[in-house]
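Enquirer: For reference, the structure I am asking about is given below.
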Amino acid sequence: MNTRLSPARILGIAAWTVASVVWGAAAVAFASKPPEAAAEPPPLILALPATTTTMAAVPTMPETGLVVLRYTPVARPEAEVIVREVRVSGPATSSPARQPTRTTTTSSGS
């Protein structure tokens, strides 16, 4: 057992672990460094023409508290009934009393 995890191997694993953590921290610090303010050009401000719009009165939002939204449900549409007729031809017989089978399927639409 001692041959597999010798003290030198444990020290090597620890050294590589510390080195990778330091390298990762340096990469994150470099990537998250804020850009310098002097290199940023001033923002472009465009003048918008004055327009007038007619809108319904919109209530102002309260600074604090509960906002209540009202919802009025609409009536559910009636389900569409689908009728499907399938005629299955039977074996050829000479008997005139035999009628083809009629199958009717209805659906509630849901």
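The values are calculated or read from the model by the stated rules, or taken from the named source; none is laboratory data. It should be emphasised that the depicted structure is a prediction, and the values quoted were computed from it without experimental measurement. Note that we place each Cβ from the backbone using ideal geometry, even for glycine, and neighbour counts take in every protein chain shown.
Enquirer: Taking segment 63-110 as the region of interest, how many residues are in contact with a strand residue (DSSP E or B) (Cβ under 9 Å, 6 or more places away or on another chain), modelled with pLDDT of 85 or more and not β-branched (Val, Ile, Thr)?
Expert: Of the residues in segment 63-110, 3 are in contact with a strand residue (DSSP E or B) (Cβ under 9 Å, 6 or more places away or on another chain), modelled with pLDDT of 85 or more and not β-branched (Val, Ile, Thr).
Enquirer: Out of all the residues in segment 14-57, which are outside any loop (DSSP other than H, G, I, E, B) and either at pLDDT below 90 or basic (Lys, Arg) (or both)? Walk me through it before giving the result.
Expert: Here is the first cut: in segment 14-57, the residues outside any loop (DSSP other than H, G, I, E, B) are 14-31.
Residues satisfying the conditions are Ala29, Phe30, Ala31.
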